[in-house]
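Read through the structure below, which is laid out as structure tokens, and then see the notes.
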Amino acid sequence: MAEGFTENATVDEGVNENGIRTQLHFEGDDLIVQKTFDAAPHLAHAAHAREQTQGLKWGEGRFVGHIPAIYYAPIAAIKDPEQRAKAVRLFFSENPAFRMFDKYKP
């Protein structure tokens, strides 16, 4: 049987358009695929929008929240509109930092 790498190596494929960084770690005979997501820019975007809607009444704000594509893809795949809306409310309930309008209560 062939030997694996004698030294560990990492290949960084960089960040894709959805903010996901993929790194390939070669450790001996093992290949470990590591995917990470940096939510910081999305959270900063939501925080900025919250600041802009301070003092507005319900209905005067333009956006309820921001769902990054990595989280929205499975929600968008839900065919039933009521179930999809429920999934969006659940997302904002579990992830209040992505809300862009403070008065929105899922």
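Each reported figure results from applying straightforward, stated rules to the coordinates on display, with no laboratory input. Every value quoted in this text rests on a predicted model; they were computed, and no experiment measured them. Here the Cβ positions follow ideal geometry from the backbone for every residue, glycine too, while neighbour counts run over all protein chains shown.
Take the Cβ atoms of Ala69 and Ala47, set R0 to 22 Å, and the FRET efficiency comes out at 0.70. Under 1.5 on a/c is rounded, so check that first for the chain, then, if it is not, pick prolate when a/b is larger than b/c and oblate when it is not; a ≥ b ≥ c are the square roots of the alpha carbon gyration tensor eigenvalues. Here the chain falls in the prolate category. Only Cα pairs under 8 Å and 6+ residues apart enter the sum, and on that basis the relative contact order of the chain stands at 24 percent. Taking only Cα atoms, what is the 0 to 90° angle, nearest 10, from helix 81-94's long axis to the longest principal axis of the chain? Once rounded, the angle reads 80 degrees. Where the centre of each part is set by its Cα atoms, how far does the range 38-72 sit from the range 16-36, in angstrom? Centre-to-centre (Cα) distance: 30 Å.
To the nearest 0.05, what FRET efficiency results for Val11 and Arg84 with a Förster distance of 22 Å applied to their C-beta separation?
It comes to 0.05.
In sequence order, the range 26-36 has phi-based couplings of 9, 10, x, 8, 9, 10, 10, 9, 10, 10, 10 Hz under the Karplus curve 6.51 cos²θ - 1.76 cosθ + 1.60, θ = phi - 60°, and Gly or Pro positions carry x. Once you mark the trypsin sites (Lys or Arg not before Pro) that are in a DSSP loop and have at most 10 other Cβ atoms within 10 Å, what is the longest gap between them in the chain? Excluding the exposed sites themselves, the longest stretch runs over 1-56. Residue-wise HN-Hα couplings along the range 43-56, as the Karplus relation 6.51 cos²θ - 1.76 cosθ + 1.60 with θ = phi - 60° gives them from phi, are 5, 5, 4, 5, 4, 4, 5, 4, 4, 6, 9, 4, x, 7 Hz; Gly and Pro carry x. Highest-first packing order for the peptide set 36-42, 7-13 is 36-42, 7-13, based on the mean count of other beta carbon atoms within 10 Å.
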